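Here is the structure we will look at.
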Amino acid sequence: MSYFLCSNVIQIGRCFEISGEEAGHILQSRRIQIGEVIHVQDLNVMRFEARVEKLTNRSLTVLPLKQLETPPESPLRIHLYQALVKEKALDLIIQKCTELGVFRICFFQSQYSQRLPQKVDLEKKRQRWLRVAVEACKQSGRTTPPDIFFISELSKFHQVSGESSIETIPTLCLETSGDNIPLDRIVLEGSDIRLIVGPEGGWGAGDLQGHGVQSVHLGPRILRSETAAIAALTILQFLYGDLKQAPVY
């Protein structure tokens, strides 16, 4: 079940008000009625069942009834490195990969990818994409959105995941040619994996040089960059993540 956000700490039996942007989203997207029961997540990432007690045009007052089990994050932490593609495709990647449980998304510029925005626009885009990720979390029931970063080139990926070296995290790269293996044949022992997805125009001569990546493929068809990212995450979450687990309501 989808949920809504509260910016405070919730206490059972104590009414609180939801206002501002979140209230506007609730009131516009759902025909909420007094007495209806909704799910709300608080500042401490705790999930509650709450009953709507009062409605106005700009806010709603709810009464927390009981605490719910908070769904766990996937045991597989996928660090997605996605070459920049067009804006609409990037939105789709963020939304769907968030729903699939991606841990971190890092966009990078390669020889044949879209160009990085100017520095002034970069943070604005990141904030907008974080909002897309938060909405995807609320829709899918996931508790925490992925981190979203930019790097100017793939060689700088260690700046984003500096807590572990390339030797300790397997790094896979989707490739349609060369010496590669099907993605479902990899053997993963740890809880982290890096997945690199290239641009529509393919890799340039120096894009992957010296990065120690394992080339993998998704089958005989050439997929769009956004399709490849979503398909690869689905396979990895099914094999090593939580797609086979029963849902938590």
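The values are calculated or read from the model by the stated rules, or taken from the named source; none is laboratory data. Bear in mind that the values here come from a model prediction, so they are computed numbers and not experimental data. Because the Cβ atoms are built from the backbone with ideal geometry, glycine has one as well, and the counts that use them run over all protein chains shown.
Data table
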item: Single condition residue 144 does not satisfy, out of (1) buried (at least 19 other Cβ atoms within 10 Å of the Cβ); (2) at pLDDT 90 or above; (3) not small (Gly, Ala, Ser); result: (1)
item: Breaking point among (1) in contact with a Phe, Trp or Tyr (Cβ under 8 Å, 6 or more places away or on another chain); (2) closer than 21 Å to residue 41 by Cα; (3) surrounded by fewer than 18 Cβ atoms within 10 Å (Cβ to Cβ), for residue 131; result: (1)
item: Hey, residue 207 modelled with pLDDT under 95, in a loop (DSSP other than H, G, I, E, B) and closer than 12 Å to residue 83 by Cα or not; result: yes
item: Selection from the range 1-19 of residues that are closer than 15 Å to residue 65 by Cα and among the small types (Gly, Ala, Ser); result: 13
item: Residue ID - surrounded by the fewest Cβ atoms within 10 Å (Cβ to Cβ), chosen from residues in the range 170-200 that are among the β-branched types (Val, Ile, Thr) and modelled with pLDDT of 85 or more; result: 187
item: Residues being among the hydrophobic types (A, V, I, L, M, F, W, C) and buried (at least 19 other Cβ atoms within 10 Å of the Cβ) - total across the range 55-86; result: 8
item: Subset of the range 25-57 (residues that are at pLDDT 90 or above and in a loop (DSSP other than H, G, I, E, B)); result: 34, 35, 36, 42, 43, 44, 45, 46, 56
item: Of the criteria (1) in contact (Cβ under 8 Å) with a residue 12 or more places away in the chain; (2) in the same structural domain as residue 112 (by TED's automatic domain parsing), which one residue 227 fails; result: (1)
item: Qualifying residue in the range 91-98 (condition: surrounded by fewer than 20 Cβ atoms within 10 Å (Cβ to Cβ) and modelled with pLDDT under 95); result: no
item: Some residue of the range 211-220 being at pLDDT 90 or above, in a loop (DSSP other than H, G, I, E, B) and surrounded by 16 or more Cβ atoms within 10 Å (Cβ to Cβ); result: yes
item: Odd one out for residue 41, checked against (1) surrounded by fewer than 17 Cβ atoms within 10 Å (Cβ to Cβ); (2) among the polar types (S, T, N, Q); (3) under 13 Å from residue 143 (Cα atoms); result: (1)
item: Residue 19 being without any contact (Cβ under 8 Å) to a residue 40 or more places away in the chain, among the polar types (S, T, N, Q), within 18 Å of residue 138 (Cα to Cα) and surrounded by fewer than 20 Cβ atoms within 10 Å (Cβ to Cβ); result: no
item: Residue check, residue 7 within 21 Å of residue 136 (Cα to Cα), in contact (Cβ under 8 Å) with a residue 40 or more places away in the chain and surrounded by 11 or more Cβ atoms within 10 Å (Cβ to Cβ); result: no
